[in-house]
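**Student:** Below are the structure tokens for one structure; questions will follow.
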Amino acid sequence: MSNIDRSRRNFLKTGGALALGSTLPIGLVELAFAEPAQNFSFAYISDAHIQHIKGNRFVRNWDMGLKRAVAEVNLLTPKPDFVMFGGDLAQLGSKPELDHGAEMLSALQLPVKYVMGEHDYYLDLGAYWEQLFGPQYYSFEHKGVHFIVLNSIRTYDDWTYHRWPSAEQRMLEMAGLDNPKGSPFMVGDEQRVWLKADLAKVDKTTPIVVFSHSPLQKIYKGWNFWTEDAEQIQALLKPFKKVSVIYGHVHQIQYNQIGNISFNSVMATAWPWPYPASYAQAEQYLPKLTVPMNRADPFFERDATGWQFINVGSGNVDLNFTLYDNRDRVVRFDTLKKQPQDRDYQAESARIDPQRHY
């Protein structure tokens, strides 16, 4: 952790009051190698949910979240090698929303790569997104690491093509968080065939980082914190020594370990969601996670937002967060227990009332 800690201290020192006053979640990800000269970092912004009102009017809160995230990424020192946007740039997938979001992201002074979210996809099935940002799934190499970007928010053809009277109605149905008409996300046959072929060209000792919008694990079906073919994707990744999956969508801090694969979420610039277990109006599908989690205070509107630093150099992700109230929170992989450990995780007997209730 020495490399990531040193990088973090340097950034906080150069960021000064900006970092201290920040309430926005931007992930700074450092991959630490044996030779420091090989280290590199990238920043992560996700889930802006830019929402068009009328004409040139947009929901100001979501606009300001993305604008500030872009400004703060541009001030990072040392400079990351690139920026990843993690999906849900738009709220209802319209051209005005995607154009407005793309204009704000164009102010980034670094190369940008993109993951597609369901809010970007279900109006026109990603056609305009591809014009703006390129393919829906792809891979690339960077300094010895193989990166994979998946469109993990597709679903069954019957739901997508045959159920809705209009594309707008389909988008509205998928945009709801708690929606019984929503359908489970998936990567799908086409991408799994592509992924298998892509991985066949990669040495099993090469570090693998997978970016998806949904978690590539089954967390909570009622909110589509769920990927229907997650086990099939995990099976394709199982032969590799170092695998990390980094995802957006959930608007909260999450972490888990399944076999050789570390799972970690990035936070949103728009708003935080409560943990699924807090919601009693839908049937629960929440399995026992490898690593138990609790929130700081579910009643605080910016809970689980802040600065995020991720070290994936060892293949096991360590996370360092600076939260909305300027507290540090650390989730670090424990090599003895073989799973992430949250320094601030509280036993039932030590929790405050909101934590016990939620």
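The values are calculated or read from the model by the stated rules, or taken from the named source; none is laboratory data. Quick caveat, the model's predicted, so the values are computed rather than measured. Quick reminder, even Gly has a Cβ in these numbers, built from the backbone with ideal geometry, and neighbours come from all protein chains shown. What goes into the accessible areas is simple: the full protein's heavy atoms, side chains included, and nothing from ligands, DNA or RNA. Shrake-Rupley method; radii C 1.70, N 1.55, O 1.52, S 1.80 Å.
**Student:** Name the single residue that is nearest to the chain's Cα centre (by Cα) among those in the stretch 152-191 being among the aromatic types (Phe, Trp, Tyr) and surrounded by 12 or more Cβ atoms within 10 Å (Cβ to Cβ). Explain how you work it out, then say what you get.
**Tutor:** First, pick out the residues of the stretch 152-191 that are among the aromatic types (Phe, Trp, Tyr): 156, 159, 161, 164, 185.
Filter again for surrounded by 12 or more Cβ atoms within 10 Å (Cβ to Cβ), leaving 156, 159, 164, 185.
On the way: Tyr156: 23, Trp159: 25, Trp164: 29, Phe185: 15 Å.
Among those that are among the aromatic types (Phe, Trp, Tyr) and surrounded by 12 or more Cβ atoms within 10 Å (Cβ to Cβ), it is Phe185.
**Student:** From Val202, Val245, grab the single residue that is modelled with pLDDT of 95 or more and either in contact with a Phe, Trp or Tyr (Cβ under 6 Å, 6 or more places away or on another chain) or open to solvent by less than 30 Å² (accessible area, probe 1.4 Å) (or both).
**Tutor:** Details: Val245 fails: modelled with pLDDT of 95 or more.
Residue meeting the stated conditions: Val202.
**Student:** Looking at Gly101, Gly93 in this structure, which one is part of a helix (DSSP H, G or I), closer than 14 Å to His52 by Cα and touching a Leu at 6+ places or on another chain (Cβ under 6 Å)?
**Tutor:** Values: Gly93 fails: part of a helix (DSSP H, G or I).
Residue meeting the stated conditions: Gly101.
**Student:** Return the residues of the stretch 104-122 that are part of a strand (DSSP E or B) and surrounded by 23 or more Cβ atoms within 10 Å (Cβ to Cβ); say none if nothing qualifies. Working first, answer last.
**Tutor:** Let us first name the residues in the stretch 104-122 that are part of a strand (DSSP E or B), namely 112-114.
Hit for the stretch 104-122 is Tyr114, nothing else.
**Student:** In the set Ser46, Ser22, Ser41, which member is modelled with pLDDT under 80 and under 19 Å from Gln252 (Cα atoms)?
**Tutor:** On the way: Ser46 fails: modelled with pLDDT under 80; Ser41 fails: under 19 Å from Gln252 (Cα atoms).
Just a single option satisfies the conditions, and that option is Ser22.
**Student:** Identify the residue in the stretch 79-102 that is open to solvent by 40 Å² or more (accessible area, probe 1.4 Å) and out of contact with any helix residue (DSSP H, G or I) (no Cβ under 7 Å at 6 or more places or on another chain) and, among all such residues, is nearest to Leu132 (Cα to Cα). Show your work before the answer.
**Tutor:** Of the residues in the stretch 79-102, the ones open to solvent by 40 Å² or more (accessible area, probe 1.4 Å) are 79, 81, 92, 95-96, 99.
Next cut, out of contact with any helix residue (DSSP H, G or I) (no Cβ under 7 Å at 6 or more places or on another chain) only: 79, 81, 96, 99.
Working: Lys79: 25, Asp81: 21, Pro96: 12, Asp99: 8 Å.
By that ranking, first place goes to Asp99.
**Student:** Further question on the same structure: Of (1) touching a strand residue (DSSP E or B) at 6+ places or on another chain (Cβ under 6 Å); (2) at pLDDT 95 or above; (3) charged (D, E, K, R), Asp81 satisfies all except one. Which?
**Tutor:** Result: Asp81 passes all but (2).
**Student:** Does any residue in the stretch 114-137 that is on the phi > 0 side of the Ramachandran plot and at pLDDT 95 or above come within less than 6 Å, Cβ to Cβ, of a residue that is surrounded by fewer than 24 Cβ atoms within 10 Å (Cβ to Cβ) and not in a helix (DSSP H, G or I) six or more places away or on a different chain, and which pairs are these?
**Tutor:** From residues that are on the phi > 0 side of the Ramachandran plot and at pLDDT 95 or above, the pairs are Gly126/Gln136.
**Student:** Using beta carbons and a limit of 6 Å, which pairs, at least six apart or on different chains, have the first residue in the stretch 53-80 and touching a residue at least 40 places away in the same chain (Cβ under 8 Å) and the second one open to solvent by 40 Å² or more (accessible area, probe 1.4 Å)?
**Tutor:** Phe58/His52; Trp62/Gln51; Thr77/Thr14
**Student:** Just checking, does the stretch 1-19 include any residue being modelled with pLDDT of 60 or more and either surrounded by fewer than 23 Cβ atoms within 10 Å (Cβ to Cβ) or out of contact with any Gly (no Cβ under 7 Å at 6 or more places or on another chain) (or both)?
**Tutor:** no
**Student:** Going by the conditions given, is Leu216 under 17 Å from Gly87 (Cβ atoms), aliphatic (A, V, I, L, M) and open to solvent by less than 70 Å² (accessible area, probe 1.4 Å)?
**Tutor:** Working: under 17 Å from Gly87 (Cβ atoms): yes; aliphatic (A, V, I, L, M): yes; open to solvent by less than 70 Å² (accessible area, probe 1.4 Å): yes.
Considered against the rule, which asks whether it is under 17 Å from Gly87 (Cβ atoms), aliphatic (A, V, I, L, M) and open to solvent by less than 70 Å² (accessible area, probe 1.4 Å), Leu216 comes out as yes.
**Student:** In the stretch 136-151, is there at least one residue being over 18 Å from the mean Cα position of the chain (by Cα), within 21 Å of Gly65 (Cα to Cα) and open to solvent by 10 Å² or more (accessible area, probe 1.4 Å)?
**Tutor:** No, because not a single residue in the stretch 136-151 is over 18 Å from the mean Cα position of the chain (by Cα), within 21 Å of Gly65 (Cα to Cα) and open to solvent by 10 Å² or more (accessible area, probe 1.4 Å).
For (1) at pLDDT 85 or above; (2) among the hydroxyl-bearing types (Ser, Thr, Tyr); (3) buried (at least 21 other Cβ atoms within 10 Å of the Cβ), each residue gets a yes or a no:
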{"position": "Ile253", "(1), (2), (3)": "no, no, yes"}
{"position": "Gly259", "(1), (2), (3)": "yes, no, no"}
{"position": "Met267", "(1), (2), (3)": "no, no, yes"}
{"position": "Leu289", "(1), (2), (3)": "no, no, no"}
{"position": "Pro292", "(1), (2), (3)": "no, no, no"}
